[in-house]
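Read-outs throughout are calculated quantities, based only on the coordinates presented, and are distinct from any laboratory measurement. All figures in this text were calculated on a predicted structure; none of them were measured in a lab. FYI the Cβ positions are ideal-geometry reconstructions off the backbone, even for glycines, and counts take in every protein chain you see.
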Amino acid sequence: MIRQTSLTSVSLCLFSVLVAAPPGAGGDWPQFRGPDGLGTSKEKDLPVRWSADKNLAWKTELPGPGSSSPITVGERIFVTCYSGYGLDAAKPGDMKKLKRHLVCLDRAKGRIRWSRQVPATLPEAPFRGPFITLHGYASSTPVTDGRRVFVFFGKSGVYAYTLDGEPVWNASVGESTHEWGSAASPVLYKNLVIVNAGNEGGYMVALNKDTGRVVWKTDRFQKSWTTPVLVPVAKGGRELVIGADYRLLAFDPASGKQLWTCQTKEHYTAPSVTAHAGVVYLTAGFSAQQTLAVRAGGKDDVTRSELLWKASKGTNVPSPVYHDGHLYCISDTSGIAYCLKAGTGEVVYAKRLEPAPGRIYASPIVADGKIYVVSRGKGVYVLAAKPEYALQVRNTLAGDDSVFNATPAILDGQLLLRSDRYLYCIGKKHE
């Protein structure tokens, strides 16, 4: 059942238009994995080395933990977190006290401008077991169009705010939950907010950005924690591509009509796809990983016609990234960095990061000739973005034993790095 509550007004909307920067302006990082959702940036002169007292612009303590990535628009940074429950696996507390937060920070100094709380719709997945305790209840990254910011809090719904924190609308997109929790982030297409609510409602759904009303819903699919990606195709336009149970799926983002499907061997998917020149790359696998390449723009079942190659290497959580004819991905459990030829799937290198990184949930980001790999507890590994393994440095932040699950954001020569306690701005200070 979908519910929506409109809280907007004409004057408030006009005010938002007047004060907001245009989408993607000024080096904004408006969604999960950057402007195009592919984990790449054209930024130069990015930091290579840093520590707790070197090359650190600022550090801000957040109101609670979370695994979502920071996003930016203009002079604002947005990030989500949670509080009240699930802070300690041994003593999770009272679920009735669980709240989500949308936090807005000042981009230059890191000062918290405002924070909005959303009580949880109960019951939520309990804070126990091997997986939800690793990432918690704020794993979905916000998205902004430069006028508003949209957040997805699983069964607690989708919320729209102005950039100044005024509520606009909220909508439920499903009343179910999964023992592993929620993770998919919303994406924007024209006047739509598109959400993978596979585990909450059993579908992907598009909401009107102005009202929160449902525009379309897909047929049923589940066991997908992945953020969909808008992939340009040779014939023009874009396809909305997402991994689900045993399938890679493409939809018309305007109508929700399914365009094509490619069979995979995995019963669930966490990584988002990446794409280049009309080819989609998916990596996934719980017990055994697989990476595959599929030509976009097809019709119906393309498993035989458009599947270009498959490789028995990949990862289960971090999304892959494309750079200069090669595909890079990091195993979340073994810490092995893979480089594959994008045209054939041939493995160029498979090298374990040293020292051993432990689990890795963040997706790698490519920028300025570097691949930034954020581990949960062993620091950030900086690799050379080339088809030859070269670890440049491993950066740690002494004195901070918190967990780093979030994919970093890049802006104006700086790196935004988020843990379950702090948001760091790495690089030169901006006055």
Using only C-alpha positions, report the orientation-averaged shadow area of the convex hull of segment 56-130, nm², one decimal.
6.0
Listed by chain and number, the residues whose amide H is under 5 Å from that of Arg113, excluding neighbours fewer than 5 places away on the same chain and using placed H, are Cys104, Leu105, Asp106
Skipping prolines and chain starts, which residues have an amide H placed within reach, meaning under 5 Å, of the one on Tyr189, given they are 5 or more residues away or on another chain?
Ile194
In whole percents, the bins of 10 Å from zero upward hold the Cα-Cα pairs of segment 65-185 as 14, 47, 30, 9, 0
In terms of Cα to Cα distance under 12 Å, which aspartates and glutamates are near enough to Lys96, apart from those fewer than 8 places away along the same chain?
Glu124
As straight-line cross-link partners of Lys341, the qualifying lysines (C-alpha separation under 30 Å, not fewer than 8 residues apart within one chain) are Lys42, Lys44, Lys223, Lys235, Lys265, Lys299, Lys310, Lys313, Lys351, Lys370, Lys378, Lys386
Please report, largest first and rounded to whole Å, the three semi-axes of the ellipsoid equivalent to segment 4-414, where each semi-axis is the square root of five times an eigenvalue of the C-alpha gyration tensor.
29, 26, 22
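Considering Cα pairs under 8 angstrom that are at least six residues apart, work out the relative contact order of segment 4-414 and quote it in whole percent.
13
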Over the Cα atoms of segment 353-406, each weighted equally, I'd like the Debye log10 I(q)/I(0) at q = 0.13, 0.15, 0.28 Å⁻¹, rounded to two decimals.
-0.29, -0.39, -1.18
Over the chain: helical MRE at 222 nm, DSSP H runs n ≥ 4 each giving -39500 (n - 2.57), nearest 500:
-1000 deg cm²/dmol
Sum up the charges of everything whose Cβ sits under 14 Å from the Cβ of Gly399, counting Lys and Arg as +1 and Asp and Glu as -1, but leave Gly399 out.
-1
